[in-house]
Ligand SMILES: [Zn+2]
């Protein structure tokens with residue numbers, strides 16, 4: 001069994017599910033158990049300056065072994081798994097020489113992964129798949145990233161003849177609840193530039209994500225006995241529907257893809273007296289993003305003109321920005337990753353992320369940080385899988401990228 005596979009199978013045995021709504025980092029103590037294990041492993045293989053912060057971040061470095069010029073290069077992955085699906089007692093199963101047919105994940109519970117639902121399974125025909133038993137997720141997101149980074153580190157530590165610049169390694173808690181960057185100390189980490197290894201299918205390379213804002217709308221109605229409602233009642237629910245109708249109908253997740261942004265009504269509750277609506281606003285393009293926020297504010301203004309000042313409170317707050325503008329001055333990060341992929345026969349898939357990443361936040365914290373693939377599929381659920389071949393390839397990719405930074 002390859003080193004990266006052995007490590008991956010070991011790490012998924014650690015339950016590191018994070019939890020929403022916690023103030024402290026890490027949100028769950030169990031993430032610290034894996035943090036400790038990873039720190040020991042890095043220490044044991046000879047990495048330097050290995051430490052775990054009070055919040056459970058693991059940092060380590062491998063010193064440069066060349067006088068030639070190279071930026072300090074970082075690799076970042078996250079230790080937690082998503083709160084919304086069980087990560088307890090994961091039983092990974094290897095399927096060697098996969099035949100490209102439907103896979104029974106769990107006989108007792110009759111859980112199948114069908115090629116009809118996941119046609120890309122066929123692309124893994126002949127490879128060794130790692131699947132779940134249908135009751136948990138697999139945790140390739142992002143323990144595959146961790147296994148690949150550590151195996152890359154070990155490779156450099158056992159190949160001192162290969163020149164490389166300083167390599168920094170960072171493992172974060174709580175990425176899945178959007179807090180992986182909160183306690184990340186860019187300066188202490190020490191890298192000039194970095195990659196998160198947290199993408200999906202082999203070849204993925206991402207440096208554009210949405211600009212994101214949240215919109216909280218509160219509508220103040222006036223309840224009165226419906227028999228006496230004429231000229232008196234203001235129905236917050238109906239006004240909420242009217243507010244939504246003022247937004248562009250097709251700029252909605254149901255009708256958008258690629259670089260198209262949207263307004264998404266995520267939750268709505270209320271009664272005649274008061275209604276609340278939670279929105280998220282997204283667009284890759286900063287100007288269009290700002291325009292969307294203006295449209296949102298104007299809808300509220302219109303409602304207030306029509307129904308009286310103070311009827312609609314619309315509060316919009318930016319949550320994250322597209323990392324593109326922070327990566328663009330460092331496009332060699334993309335060029336080097338792409339060239340390394342091509343050298344290894346991996347087809348680069350450069351796609352915009354329709355969401356945010358910790359790398360985007362790190363990019364705004366001063367660490368330009370695009371995202372590269374782990375090789376995994378179907379993250380966040382029981383159909384998650386990865387192939388041994390993809391993990392081995394990504395490990396080679398990380399080695400190749402690191403080598404390419406020496407000039
Ligand atoms: Zn992830």
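Counting only DSSP H runs of at least 4 residues, each contributing -39500 (n - 2.57), and dividing by the residue count of the chain, the helix-based mean residue ellipticity at 222 nm comes to -9000 deg cm²/dmol. Spatially, the stretch 56-119 and the stretch 143-176 are offset by 15 Å when compared through their Cα centroids. Ordered by the count of other Cβ atoms within 10 Å of each Cβ, fewest first, 177, 167, 52 give 52, 177, 167. Residue separation of residue 67 and residue 33 scaled by 0.36 nm, minus their Cα-Cα distance, works out to 8.5 nm of gained length. As a rough footprinting exposure proxy, the listed residues 24, 326, 276 were ranked by other beta carbons within 10 Å of their own, and the order from fewest upward is 24, 276, 326. Against the longest principal axis of the chain, how steep is helix 332-343, in degrees 0 to 90 to the nearest 10, with axes from Cα atoms? The answer is roughly 50 degrees. Label the stretch 3-55 by shape, choosing from rounded, prolate and oblate, from the square roots a ≥ b ≥ c of the eigenvalues of the Cα gyration tensor; if a/c is under 1.5 it is rounded, and otherwise prolate applies when a/b is larger than b/c, oblate when it is not. It comes out oblate by the Cα gyration axes.
With N as its number of residues, the chain has a Cα radius of gyration that, divided by 2.2 N^0.38 Å, comes to 1.11. Counting every other Cβ atom within 10 Å of each residue's Cβ, 201, 131, 388 order from fewest to most as 201, 388, 131. Most fluctuating residue of 390, 339, 245 in a GNM of the chain with Cα springs under 10 Å: which is it? Of the options given, 245 has the highest mean-square fluctuation. Between residue 288 and residue 349, the FRET efficiency estimated from the beta carbon spacing at R0 = 22 angstrom works out to 0.35.
Compute a Gaussian network model of the chain, connecting alpha carbons closer than 10 Å, and tell me which residue from 294, 338, 179 fluctuates the most. Per the Cα network of the chain with a 10 Å cutoff, 294 tops the list. For residue 19 and residue 122, what is the calculated FRET efficiency with R₀ set at 56 Å and r taken between the beta-carbons, to the nearest 0.05? Calculated transfer efficiency: 0.95.
Kindly state, to the nearest 0.05, the FRET efficiency for residue 313 paired with residue 161, given R0 = 60 Å and r defined as their beta-carbon distance. Could the numbers behind the result be given before it?
On the way: r = 65 Å, r/R0 = 1.08.
About 0.40, to the nearest 0.05.
The alpha carbon convex hull volume per residue for the stretch 25-128 rounds to 202 Å³. With Cα atoms defining each centre, the stretch 368-407 and the stretch 1-50 are spaced 18 Å apart in the structure.
The label-point distance for residue 104 and residue 249, in a model that sets each label 7 Å from Cα toward Cβ, rounds to 4.9 nm. With respect to the chain, whose longest principal axis is taken over its alpha-carbon atoms, helix 286-307 is tilted by about 20°. Please work out whether the stretch 131-193 counts as rounded, prolate or oblate from its C-alpha gyration tensor, where a ≥ b ≥ c are the square roots of the eigenvalues and a/c under 1.5 means rounded, while otherwise a/b larger than b/c means prolate and anything else oblate? It comes out oblate by the Cα gyration axes. Just the number, please: Stokes-Einstein D of the stretch 211-320 in µm²/s, Kirkwood Rh from C-alpha pairs, 25 °C, 0.890 mPa s. The calculation lands on 170 µm²/s. The orientation-averaged projection of the convex hull spanning the C-alpha atoms of the stretch 89-191 amounts to 9.9 square nanometres.
Quick note: the coordinates plus some simple rules give every number you see, no bench work behind them. Given the structure is predicted, the values throughout are model-derived calculations rather than measurements. Because the Cβ atoms are built from the backbone with ideal geometry, glycine has one as well, and the counts that use them run over all protein chains shown.
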